[in-house]
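The next block holds one structure in the form of structure tokens; read it before the comments.
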Amino acid sequence: MADTAVVDKKQGIQFGKKERKLLTDPLNDNNPITVQVLGICSALAVTTGMKNAAVMAVAVVFVCLFANVFTSMLRNAIPKQVRMIVQLVIIATLVTVVELTLKAVAFESYKSLSVFIGLIITNCIVMGRLEAFAMGNRPYESALDGLGNGFGYGIILLIVAFFREFFGKGELFGAKILGASPEYMINTAESSWLGWYQGNNLMVLFPSAMFVIAVLIWAHRAWNPKLVDVS
Amino acid sequence: MGDLINIFIKSAFIENLALSYFLGMCSYLAVSKTVKTAVGLGLAVIFVLAITMPINWMINTFLLGEGGIFQTDLTFLRFILFIAVIASMVQLVEMVVEKYSPSLYNSLGIFLPLITVNCAILGGSLFMVSKEYNFAEAVSFGLGGGFGWFLAIVAIAAIREKIKYSAVPPAMRGLGMAFLLTGLMGMAFMGLMGIDPAAF
């Protein structure tokens, strides 16, 4: 683990430049999805609606934060040979907590997210951060790093979901913004100014998530040229 | 038997793990730069899916289910057990392959650890549970899913090898193009959705 980043060894809890960088770096220069290409699977599958994306983002922030903290606390006790399995057990436990909580509190979201809650376990962001950061840093810095990466992931998820839901169904968070919902199909005053938009069904299907992320990457790299792939 | 062939074809083409569920995307995008490495990773995925699927089926039925040996519903342990099985099977397969077939190890070896966190493997097991397959169906689903994933990654690697020589805008080079291509391939695979596997 020679490549594990060690931020600093000084004691005490403070919030200076380095700590702020831990939080903001994953939002732009080191974004988990558009730069590191981690955690794509769930980003594609759950972004058909803002609501699902928001639930997923919260779940990933939670898992990322606590997996980082717990791994960091145990980092000196974990033998190197079995660290993958230990990390996976920590993540799997947290994901089980998320799954059971969702099942109890928001059954509707639990139903529509189905297997993708379980797939947070193999979400490479969580695993990647444990391996690259939490195994070598104190719990406090690891918590910031986990939060930052969770947010970096969540923000992309929400952007993709915004485009897909808005253009696909003319809705945001399930509320009708554009287009004719069944009650407006009859010729009323509202139907004339709400009903002109026809939902684009392709945006709801899987391939459109790919296109939206591709355009996002394009925009991100055009705006931040140092990220351009030179190979 | 016909049922099993149906499931194989369905999971390989119509419900392709990579192109219609977009599972295992991280390694799919990271390792698809050349056809050679893509073939290696694809084979490793087939291998591991075919091994872990029956084992996870047995764990789910005989240990966790209500009719299992503990006579209680232990399904909340599913994630932890599945991922532990996958991680340890990958480790075991790696050791066995290294011992008995060094040439296969040289071509597969580096990809095996990657597979632990490939969501296609865990996703396959979770789909198997939610679709309530029996043992033979689970094996067929594992093989078919692995084969479909193999096809998908080899196809995109071939396209990416070609596209290296095209004039792509700098900001779109590499990753951006890979996403766009996968989206187009996903659309192409959507065309297979109309096929009724029962016709075979």
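What follows draws every value from the coordinates through simple rules; no lab data is involved. Quick caveat, the model's predicted, so the values are computed rather than measured. Quick reminder, even Gly has a Cβ in these numbers, built from the backbone with ideal geometry, and neighbours come from all protein chains shown.
In table form, for the structure just shown:
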{"item": "Gain upon complete extension [A:VAL105, A:LYS176; 0.36 nm per residue less C-alpha separation]", "result": "23.1 nm"}
{"item": "Distance in nm between pseudo-label sites at A:ASP29 and B:LEU77 (7 Å out along the Cβ direction from Cα)", "result": "4.6 nm"}
{"item": "Span-rule helices in chain B, defined as complete DSSP H runs reaching 15 Å or more along the axis (Cα) with Kyte mean at least 0.5", "result": "B:35-58, B:78-100, B:119-130, B:135-163, B:175-190"}
{"item": "Peptide ranges A:147-159, A:78-90, A:98-110 listed from the most packed, as the mean C-beta count within 10 angstrom indicates", "result": "A:147-159, A:78-90, A:98-110"}
{"item": "For region B:26-189, Kirkwood radius (reciprocal of mean inverse C-alpha pair distance, Å)", "result": "17.1 Å"}
{"item": "Taking the C-alpha atoms of the protein assembly as shown, convex hull volume expressed per residue in Å³", "result": "188 Å³"}
{"item": "Under 26 Å from the Cα of A:LYS111 - lysines, other chains or at least 8 residues apart", "result": "A:LYS51, A:LYS103, A:LYS169, A:LYS176, B:LYS10, B:LYS131"}
{"item": "Length gained when the stretch A:ILE78-A:ALA132 is fully extended (0.36 nm per residue, less Cα-Cα span)", "result": "18.0 nm"}
{"item": "Estimated distance in nm for a label pair at B:ALA188 and A:VAL204, the labels positioned 7 Å out from Cα along Cα-to-Cβ", "result": "2.7 nm"}
{"item": "Average other protein chain Cβ within 10 Å of Cβ, residues B:85-98", "result": "1"}
{"item": "Simple spin-label estimate for A:SER112 and A:VAL58 in nanometres, 7 Å along Cα-Cβ", "result": "1.4 nm"}
{"item": "Pairwise centroid distance, computed over Cα atoms, of region B:18-55 with region A:27-89, Å", "result": "21 Å"}
{"item": "Length released on extending from B:MET1 to B:ALA167, taking residue separation times 0.36 nm less the Cα-Cα span", "result": "54.8 nm"}
{"item": "Proximal lysines to A:LYS18, defined as alpha-carbon separation beneath 26 angstrom and excluding residues fewer than eight positions away on the same chain", "result": "A:LYS9, A:LYS10, A:LYS226"}
{"item": "Proximal lysines relative to B:LYS162, as straight alpha-carbon distance under 22 Å, when same-chain residues fewer than 8 apart are discounted", "result": "B:LYS33, B:LYS36"}
{"item": "Within region B:85-168, chymotrypsin sites (Phe, Trp or Tyr not before Pro) in DSSP loop having at most 11 other beta-carbon neighbours inside 10 Å", "result": "B:TYR165"}
